[in-house]
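Just so you know, all these numbers are worked out from the coordinates, no wet-lab data involved. Nothing here was measured: the structure is a model prediction, and the numbers come from that model. All Cβ positions, glycine included, derive from the backbone under ideal geometry; neighbour counts span all protein chains shown.
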Amino acid sequence: MGLLERRKAIEEEIARTQKNKKTEYHVGRLKGQLARIKTEMLDNAARAAGARGGDGFDVRKSGDVRCALVGFPSVGKSSFLNKVTNTQSEAANYEFTTLTCIPGKLYHNGTEIQILDLPGIIEGAAEGKGRGRQVIATARTADLIILMLDAGKAEAQRSKIEYELESVGIRLNQKFPNVTFKKKPSCSQNSINYTATIPLKNGLNESLAKEILKDYKIHNADVVVREDITVDEFIDVIEGNRRYMPCLYVYNKIDMIPIEEVERLGKLPHGVVLSLTWDLNLDEVIEEIWEHLNIIRIYTKKHGFPPDFTKPFVVKRNASVKHICNRIHKDIAARFKYALVWGQSAKHQPQRVGIAHTLEDEDVLQIMLKTANQ
């Protein structure tokens with residue numbers, strides 16, 4: 001039996017198995033087997049794509065952060081790119097206008113945001129239909145996915161695209177499970193050391209976790225579970241190749257639906273409504289992109305000089321002084337003595353801080369280094 005047949009057989013068995021406490025163990029084992037088959041299928045497809053010249057569009061990463069525009073054909077991706085950047089991506093009222101990846105740059109809050117207009121995705125994209133594998137591979141390189149949807153078909157389009165992304169290990173608006181997993185070399189006394197720091201109620205238990213690890217031919221490992229996770233989340237930890245990404249859902253074409261539906265869509269989590277035809281709510285979409293990127297700007301200052309406000313360091317929120325040191329030069333952290341900080345993170349202006357100090361948006365940072373004899 002081939003991989004596709006095995007996958008279909010397991011999916012059918014999971015679908016027909018009644019979900020209750022007695023079947024949790026069996027379903028968990030099946031999910032582990034299914035995840036391994038999917039991974040093997042994707043690896044085979046990636047190797048085949050590599051033989052044909054690569055998997056993903058060859059677009060050089062530029063700017064401070066990158067966003068990927070994903071959606072079905074003719075939902076407004078190219079029109080959106082044209083309106084918020086200086087790029088001209090072909091837009092028309094027929095499907096598959098964009099056949100390759102078109103990059104553009106959005107400048108907002110002193111930050112250079114690269115936006116990639118990707119070809120329209122279709123069902124079966126995860127298996128390579130309609131250049132789907134290239135679209136998804138490129139989307140994985142982004143800091144944020146902007147999922148553009150037709151407001152009149154929002155639920156159907158959203159569920160189909162989420163399924164395609166889920167199939168290739170992209171998790172939207174989720175946190176990586178708080179689990180420590182360390183695989184150790186095999187030895188004569190193999191053992192799975194499993195610890196759960198809280199009661200688990202979502203289907204995972206020690207016995208099932210060990211069986212899933214054995215299915216992966218892992219017989220010697222340390223596992224520490226610090227939150228109540230599902231079997232699927234535990235499999236994500238084992239696989240180690242999942243991509244947990246923020247996603248902004250943009251519901252375009254609200255000029256075509258009733259106002260009650262516009263209000264409903266506007267209240268959905270991680271969502272914002274838009275009409276490119278009427279140029280309605282475009283500024284709000286840009287602000288939501290900024291918020292979902294979850295980034296901050298840090299300005300630097302040299303001793304005896306005013307701060308440099310021309311080009312900030314753009315880093316993820318909760319970044320420390322050490323992150324900035326590493327961005328400046330790889331040797332700065334080793335020579336670090338202390339830093340002076342002005343801004344929201346400082347208790348007084350300036351505050352002398354250590355290398356682990358957590359910075360806030362628009363802080364000004366002056367780094368002091370050790371001299372040669374210190």
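Mind checking Rg over Rh on segment 295-369, alpha carbons, Kirkwood formula for Rh?
That ratio equals 0.91.
Take every Cα-Cα pair in the chain and report what % of them are more than 39 Å apart.
Working: 21627 of 69751 pairs.
So the pairs more than 39 Å apart make up 31 percent of the total in the chain.
Put +1 on the Cβ of each Lys and Arg and -1 on the Cβ of each Asp and Glu in the chain; which of His348, Thr85, Ile286 then has its Cα farthest toward the positive end of the dipole?
Ranked along the dipole, the leading option is His348.
Using the Karplus equation 6.51 cos²θ - 1.76 cosθ + 1.60 (θ = phi - 60°), what ³J(HN,Hα) coupling, rounded to whole Hz, does each residue of segment 366-371 give in order, writing x for Gly and Pro?
Ordered by residue, 3J(HN,Hα) equals 10, 9, 9, 10, 5, 7 Hz.
Treating the beta-carbon of each Lys and Arg as +1 and of each Asp and Glu as -1, no other charges, what is the dipole magnitude of the chain about its Cα centre, to the nearest 20 debye?
Values: 55 positive and 48 negative charges, 373 e Å.
Dipole about the Cα centre, nearest 20: 1800 debye.
List, in order, the whole-Hz ³J(HN,Hα) value for each residue of segment 302-308 obtained from phi through the Karplus relation with A = 6.51, B = -1.76, C = 1.60 and θ = phi - 60°; use x for Gly and Pro.
Per residue, the Karplus-derived 3J(HN,Hα) values read 8, 4, x, 10, x, x, 8 Hz.
With contacts defined as alpha carbon pairs under 8 Å and 6 or more residues apart, what's the relative contact order of the chain in percent?
Details: 652 pairs, mean separation 47.3, N = 374.
It comes to 13 percent, rounded to a whole number.
Mind jotting down the distance between the C-alpha centroids of segment 302-362 and segment 221-261, whole Å?
So the separation of the two Cα centres works out to 32 Å.
In what order do Val273, Val285 fall by count of nearby beta-carbon atoms within 10 Å, going from fewest to most?
Working: Val273 25, Val285 22.
Ordered by Cβ neighbours within 10 Å, fewest first: Val285, Val273.
Using the Cα centre as the reference, give the magnitude of the dipole from point charges on the C-beta atoms of segment 295-369 (Lys, Arg: +1; Asp, Glu: -1; all else neutral), rounded to the nearest 20 debye.
Values: 13 positive and 6 negative charges, 48 e Å.
The calculated dipole for segment 295-369 is roughly 220 debye.
Go through Val168, Tyr249, Leu204 and say which Cα lies farthest out towards the positive end of the charge dipole of the chain; charges sit on Cβ, +1 for Lys and Arg, -1 for Asp and Glu.
Most positive-ward Cα: Leu204.
Segment 159-223: which trypsin sites (Lys or Arg not before Pro) are DSSP loop and have at most 13 other beta-carbon atoms within 10 angstrom?
Values: sites: Lys160, Arg171, Lys175, Lys182, Lys183, Lys201, Lys210, Lys214, Lys217; in loops: Lys175, Lys201, Lys217.
Hits after loop and neighbour filter: Lys175, Lys201, Lys217.
Between Ser207 and Lys19, what's the calculated FRET efficiency when r is the beta-carbon distance and R0 is 25 Å? Round to 0.05. Kindly include the intermediate steps, with their values, before the conclusion.
On the way: r = 18 Å, r/R0 = 0.73.
Taking R0 as 25 Å, the efficiency between Ser207 and Lys19 is 0.85.
Which one of Pro307, Ser320, Leu369 is farthest out on the positive end of the charge dipole of segment 295-369, using unit charges on Cβ (Lys, Arg +1; Asp, Glu -1) and the Cα centre as origin?
Towards the positive end, the residue furthest out is Leu369.
Test of the criteria: in segment 242-306, which trypsin sites (Lys or Arg not before Pro) are in a DSSP loop and have at most 12 other Cβ atoms within 10 angstrom of their Cβ? Don't skip to the end; give the middle numbers.
Details: sites: Arg242, Arg243, Lys253, Arg264, Lys267, Arg297, Lys301, Lys302; in loops: Arg242, Lys253, Lys267, Lys301, Lys302.
Counting only loop positions with at most 12 other Cβ atoms within 10 Å, the trypsin sites (Lys or Arg not before Pro) in segment 242-306 are Lys267, Lys302.
In segment 308-374, which trypsin sites (Lys or Arg not before Pro) are in a loop and have at most 16 other Cβ atoms within 10 Å, using DSSP for the loop call?
Sparse-neighbourhood loop trypsin sites (Lys or Arg not before Pro): Arg317, Lys330, Lys347, Lys370.
Over segment 295-369, what relative contact order in percent results from Cα pairs under 8 Å that are six or more residues apart? Write out the running numbers ahead of the final one.
Values: 152 pairs, mean separation 29.4, N = 75.
Computed over segment 295-369, the figure is 39 percent.
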